[in-house]
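**Student:** Structure provided below as C-alpha cells; questions to follow.
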Amino acid sequence: MPVELKEYYYLPPGFLESSAKNLHHVIPHPSLIHLEGKKKQPLFISILQHGNEAVGLYAVQNILKTYSSETLPRSITLFIGNVEAARQGLRRLDHQPDYNRMWPSELIQHELPESKLMQKVVNRMKELKPLTSIDLHNNTGLNPHYACINKLDNQFYHLASLFSKTVVYFIQPQGVQSIAFAEICPSVTLECGHVDDESGITHAFEFIDACLQLHEIPTTPVAKDLIDIYHTVAIVKVPGEFDFSFEDSTRDIYFNPDLEAYNFKEVEKGSLFALTHPDKSVSIHVYNEENAEVSGQFFDFSNNEIRLKKTLMPSMITLDENIIRQDCLCYLMEKMELG
C-alpha cells in the first residue's frame, strides 16, 4: 500500500500547539512543509522519523513561535516522518520498517512503499538545493548530546561543531537520512538525549537558530580543538534466536546490568559485556563497515562470558529490550584524528 507524501506551503493550523502523540490530527501522513524565509535557500529539517523521539517537533515549534512568517531568517523545508508511530509513542509500529533505514542507498535497495516515499523526498530536495540537512533524534541510553556526520569534510565538521564538540563519523547502517542527504548538501544527525530531556529541546533549538543565521557553511579547516571525532567501526546486534535480559541471569544472555554506563567511555580490553547460558552455544553478532559479521574480532566467547577483545568506546547502549530488538545493542567506536 503506497505511503502518501503530502506537501504544504503553509503551516497547518494546530501544528504549533500539537504534541507528538496528537500530531496525526494535524498532519495525518508523512509530509513536507515549505516555509519561506528572507534567505530563499532552505534548511531541510527532518523530525519524527522515529515516533518516540519528539525533540525535533518541539524544537521546531519553538523556532516557529520565535519567528513570524515575516521575520524567519531563512526558508525551512520540514519533513514530518512517522506520525502513526508517534501517535502511540513508539519508534515504529510492528508492521512498519524503520523510517531511518529506508532512504536511498547504493548498497541497499528496497521496494517498500516507505523507501519510495523517501526517494520522493530526496528528489524534491535536489530541486530545492538546501543549505544543509538536519535530522533530529532522541536516544534511550545514557549518552551525551552529540552530532553525527557521514563525510570527512570541512563543511560537515563546521556544521557538527555548532552543536557539540563530540562528533561521530559513520557509514553504517545504510539507508539513513543523513547519508542520503550527504550527496546533496552538508548533513548532520543530532542526538539530543532522552525524550524527556528539556535541555535537548533547547540545544536543538539553538542549533537550528544558528543555522538560520548562516550565510554559508565554511570550507576552511576546523581548528582541531573544536571537535573530538569518533569513528563507528561496528554495530552489535542480538540474534533473534537468543533471549536476553539485564536482570534475569537464567536467560541465554545476561548482560552486565551496568552496561549502559559504558557509553562514550573508553572500555578496556577484557571488560565483561555479558554472561551466557552454560548449556547453550550463545553469541552476539557484530557487523563492520562492509556489513561483514566480525564478532570474533571484537569479543571473546569463552567460559560462558562475553568480553571485549580490544579497548573500544561504545555508544547508544540502551536497557530498552524492544529498542535492542528493533535496532541494535550498541555501536563500537574508535577515536580518530581530524584530517
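**Student:** Just a yes or no: is a residue in region 114-131 surrounded by fewer than 20 Cβ atoms within 10 Å (Cβ to Cβ) and among the polar types (S, T, N, Q)?
**Tutor:** For region 114-131, residues surrounded by fewer than 20 Cβ atoms within 10 Å (Cβ to Cβ) and among the polar types (S, T, N, Q): present.
**Student:** How many residues does region 116-140 contain that are in contact (Cβ under 8 Å) with a residue 60 or more places away in the chain and out of contact with any strand residue (DSSP E or B) (no Cβ under 8 Å at 6 or more places or on another chain)?
**Tutor:** Kept after step one, since they are in contact (Cβ under 8 Å) with a residue 60 or more places away in the chain, are these residues of region 116-140: 116-118, 120-122, 124-125, 128-140.
Going one step further and asking which of them are out of contact with any strand residue (DSSP E or B) (no Cβ under 8 Å at 6 or more places or on another chain), we end up with 116-118, 120, 122, 140.
Within region 116-140, residues that are in contact (Cβ under 8 Å) with a residue 60 or more places away in the chain and out of contact with any strand residue (DSSP E or B) (no Cβ under 8 Å at 6 or more places or on another chain) number 6.
**Student:** Given the conditions (1) under 21 Å from Ile323 (Cβ atoms); (2) modelled with pLDDT under 95, which single one is not true for Gln177?
**Tutor:** (2)
**Student:** Still on this structure, I have one more. Just the residues that are in contact with an Asp or Glu (Cβ under 8 Å, 6 or more places away or on another chain), part of a loop (DSSP other than H, G, I, E, B) and buried (at least 16 other Cβ atoms within 10 Å of the Cβ), please, taken from region 2-32.
**Tutor:** Hits for region 2-32 are Val3, Pro30.
**Student:** Moving on to the next point. Which of the numbered conditions does Glu84 fail, given that it passes all the others? Conditions: (1) farther than 23 Å from Glu206 by Cβ; (2) assigned to a loop (DSSP other than H, G, I, E, B); (3) among the acidic types (Asp, Glu).
**Tutor:** (2)
**Student:** Which numbered condition trips up Asp228, out of (1) exposed (fewer than 13 other Cβ atoms within 10 Å of the Cβ); (2) acidic (Asp, Glu); (3) closer than 24 Å to Thr140 by Cβ?
**Tutor:** (1)
**Student:** Any idea which of Thr202, Thr232, Thr220 is assigned to a strand (DSSP E or B) and either touching a Pro at 6+ places or on another chain (Cβ under 8 Å) or farther than 24 Å from Glu127 by Cα (or both)?
**Tutor:** Working: Thr202 fails: assigned to a strand (DSSP E or B); Thr220 fails: assigned to a strand (DSSP E or B).
Sole residue among the options that is assigned to a strand (DSSP E or B) and either touching a Pro at 6+ places or on another chain (Cβ under 8 Å) or farther than 24 Å from Glu127 by Cα (or both): Thr232.
The values are calculated or read from the model by the stated rules, or taken from the named source; none is laboratory data. Just so we're clear, the structure is a prediction, and the values are computed from it rather than from any experiment. FYI the Cβ positions are ideal-geometry reconstructions off the backbone, even for glycines, and counts take in every protein chain you see.
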